[in-house]
1. May I ask you to list the residues in the range 126-143 that are farther than 22 Å from residue 57 by Cα and within 13 Å of ligand 1 (Cβ to nearest atom)?
2. If you go through the range 132-171, how many residues are surrounded by 11 or more Cβ atoms within 10 Å (Cβ to Cβ), small (Gly, Ala, Ser) and either farther than 17 Å from residue 66 by Cα or at pLDDT below 60 (or both)?
3. Quick test for you: out of 29, 48, pick the one residue that is buried (at least 18 other Cβ atoms within 10 Å of the Cβ) and either touching a strand residue (DSSP E or B) at 6+ places or on another chain (Cβ under 8 Å) or not assigned by TED's automatic domain parsing to the domain that holds residue 109 (or both).
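The values are calculated or read from the model by the stated rules, or taken from the named source; none is laboratory data. Computed from a prediction, not measured in an experiment: that's the story for all the values here. A quick note on method: Cβ atoms are made from the backbone with ideal geometry, for glycine too, and the neighbour counts reach across all protein chains shown.
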Amino acid sequence: MKLAFAEISQEQSHYSLSEVSWFPADELVCCQPVLAEFEVCKKTNKTVHLKGVVRFTALLACDRCGVPVESRIQEEFEYILTLEEQNNPEMSELECSTEDCNTLYLKDPVIDLDMIFREQVLLAVPVRTLCAEDCQGLCSVCGALLKNENCDCSTSSSNSPFAVLKRLRKA
Ligand SMILES: [Zn+2]
Ligand SMILES: [Zn+2]
């Protein structure tokens, strides 16, 4: 969805996106409907304030054992979108006060909401996913899921979680 500056009023307007084709489904498996909402208002003819949130539940693989974990994710965002030149002194008055707010300098008076929402989703994915804090991962010898199975190699020293680290360090 694209939103032209001309369509945006000076009063705050609230939207819910029902169309979510922008969701990066090739990178994330989503197991519940994606919720995306935003508010926009025009500050000047060249500057728009955009604030929104995206919520979804993704299936992320545990970093240690690879088992899919349902992760509920919510990402809020806030932007000032402007056609003004960067370094324009007037801009400092328009910039929002919160730290999380970013200024985007646009070439055309059109907001590419699909791009913005997709970016929020990718930003929101946690760097590390674990199915459980104490997940022991896979046996480094036979590949068994240590949570569910006790393999015969579980007593051998190579089964220590550090064995994997050692191998990584050598590589
Ligand atoms: Zn795990
Ligand atoms: Zn094993």
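1. 134, 136, 137, 138, 139
2. Qualifying residue count, the range 132-171: 5.
3. 48
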